[in-house]
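K.L.:
Please read through the structure below; I'll follow up with questions.
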Amino acid sequence: MVSRKPVPSPGRRSPDRLSPRFELEAVLASVVGVRARIPEDATTAATLGTERSGSGVCIHERGLVLTVSYLICEAEEIWLRTADGRVVPGHVLACDFESGLGLIQAHGELGCAPSEFGSAARLRVGARVWLAAAGGREAALSGVLVARREFAGYWEYWLEEALFVAPAHPHWGGAGLFDEDGHLVGMGLLFVETGEAARPDRMTMAVPVDLLPPILDDLVYRGRRRTPPVPWLGLHVAETANGLVIAAVLPGSPAERAGLEVGDRIFEVAGVPVAELGDFLRQVRALGPAGTAVPLRILRDDARLTVEAISADRNDFLRRPDLH
């Protein structure tokens, strides 16, 4: 799911060299290490592994930790490492696959003040920011917001506007993105490369924290948002020179039940031509919530076929937290 290409270490390039306006140590103390253990028979075990690690940020004095969903999805054990080196157990409260964010409830004191939310919407391209993973100063990297634009992921993930920060952080998963006042504005999700192969631009893509407040109470008290889930087909779709090609069909998914196959080229959704991944995902979601029929026109070998997949809720195919 996530590129593991090597990225230069941040080394000593830490925010204190740039004299931040915020109290550095207090902000870094709110960033914790996250380690998750996932059962071998979990749906995501084959693609994301059974041992996952990354970071999270404490956002409430009662030990609520914000992270990214792929780190903790289907986890049966969660361990948090605090800034002072203590290990505290926790449990998954929620994984919101629409935003890519996840919540953990710590079972003990984290010993830090919670991070305050800023506004990603007010953050301008060119603004100085800081990405902080667990590990204190040595895991904090100063950078610049270089772009804010749509992001479409091959695993049926779509954000209308994501944040792109350079240079890339080598430990992006769940790293906190902070503005010049030390307020949390995003969560590191992916390492991305753009540009020419010989001189690629390497960046961290972050999820804007603005997506959380409207759904926070739902996630804490219900484990999921109240709004109808978006349609999910169970495909991995790749953009190629020949258009959109199915790279994987997940076992038991709506796509498999509809007879879609690896190598099929998708060129229409409900009569609308699609050439890019963002087009495909927007058109599928425009048809309605999970459960909606999704008519696809595909090219298989030299034959043009019409296939109708009955979409589903991604959550129904995954293990859920037990404590709601």
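K.L.:
From the phi angles alone, apply the Karplus equation (6.51, -1.76, 1.60; θ = phi - 60°) to segment 309-320 and give each ³J(HN,Hα) in whole Hz, x where the residue is Gly or Pro.
P.N.:
Once θ is set to phi - 60°, the couplings for segment 309-320 become 9, 8, 5, 9, 8, 3, 4, 5, 9, 10, 5, 10 Hz.
K.L.:
Here is a further query. Sequence-distant or interchain residues sharing an amide H contact under 5 Å with Phe117, placed H: which?
P.N.:
Leu184
K.L.:
Check Glu150: other-chain or 5+ apart residues with amide H under 5 Å from its amide H, H built from backbone geometry?
P.N.:
Ala162
K.L.:
Additional query: Can you work out the Karplus-derived ³J(HN,Hα) for every residue in segment 166-172? Use 6.51 cos²θ - 1.76 cosθ + 1.60 with θ = phi - 60°, whole Hz, and x for glycine or proline.
P.N.:
So the Karplus estimates, Gly and Pro as x, are 10, x, 6, 8, x, 10, 6 Hz.
K.L.:
If Rh is defined by the Kirkwood formula over all Cα pairs and Rg also comes from Cα, what ratio Rg/Rh do you get for segment 120-210?
P.N.:
0.95
K.L.:
Kindly express, to the nearest 10 degrees and within the range 0 to 90, the angle between helix 277-286's C-alpha long axis and the longest C-alpha principal axis of the chain.
P.N.:
Helix 277-286 sits roughly 80 degrees off the main axis of the chain.
K.L.:
So how many Å³ per residue does the convex hull of the Cα atoms of segment 235-316 work out to?
P.N.:
On the way: hull volume 6.9 nm³, N = 82.
About 84 Å³ per residue, rounded to a whole number.
K.L.:
Rg/Rh for segment 88-242 to two decimals, with Rh computed the Kirkwood way over all alpha-carbon pairs.
P.N.:
On the way: Rg = 16.4 Å, Rh = 16.8 Å.
Ratio value, two decimals: 0.97.
K.L.:
Next question. Starting from the Cα gyration tensor of segment 62-115, take the square roots of the eigenvalues, sort them a ≥ b ≥ c, and report rounded, prolate or oblate (rounded when a/c is under 1.5, otherwise prolate if a/b is larger than b/c, else oblate).
P.N.:
In terms of gyration-tensor shape, prolate.
K.L.:
Something else about it: Find which of Val245, Leu277, Leu110 sits farthest along the positive direction of the dipole of the chain, computed with +1 on the beta-carbon of Lys and Arg, -1 on that of Asp and Glu, about the Cα centre.
P.N.:
Leu110
K.L.:
Please list, ordered by chain and number, the residues whose modelled amide H lies under 5 Å from the amide H of Ala270; skip anything fewer than 5 residues away on the same chain.
P.N.:
Here the answer is Leu296, Arg297, since their amide H atoms fall under 5 Å of that of Ala270.
K.L.:
Still on this model: So how strong a dipole does the chain carry about its Cα centre when Lys and Arg Cβ are +1 and Asp and Glu Cβ are -1, to the nearest 20 debye?
P.N.:
Its charge dipole is roughly 520 debye.
K.L.:
Tell me what the chain gives for mean residue ellipticity at 222 nm when only DSSP H runs of n ≥ 4 count, each as -39,500 (n - 2.57), the sum divided by the residue total, rounded to 500 deg cm²/dmol. Write out the running numbers ahead of the final one.
P.N.:
On the way: 6 runs with 35 residues, N = 324.
Here the helix-only value at 222 nm equals -2500 deg cm²/dmol.
K.L.:
Got a sec to turn the phi values of segment 44-56 into Karplus ³J(HN,Hα) couplings, 6.51 cos²θ - 1.76 cosθ + 1.60 with θ = phi - 60°, whole Hz, x for Gly and Pro?
P.N.:
Along segment 44-56, the couplings run 8, 4, 5, 9, 10, x, 9, 10, 10, 9, x, 9, x Hz.
K.L.:
Segment 24-113: D in µm²/s via Stokes-Einstein (Kirkwood Rh, Cα pairs, 37 °C, 0.692 mPa s)? If you can, show how the numbers build up before the last one.
P.N.:
Values: Rh = 12.9 Å.
Translational diffusion coefficient: 254 µm²/s.
K.L.:
Starting from the 7 Å offset along Cα-to-Cβ, what nm value, one decimal, do you get for the label separation of Ser53 and Val262?
P.N.:
Between Ser53 and Val262, the label points sit 3.1 nm apart.
K.L.:
Here is a follow-up. If Rh is defined by the Kirkwood formula over all Cα pairs and Rg also comes from Cα, what ratio Rg/Rh do you get for the chain?
P.N.:
So for the chain, dividing Rg by the Kirkwood Rh gives 0.98.
A short reminder: the numbers here are calculations on the coordinates, not readings from a lab. If you're wondering where the values come from, they're calculated on a predicted model, not measured in any experiment. FYI the Cβ positions are ideal-geometry reconstructions off the backbone, even for glycines, and counts take in every protein chain you see.
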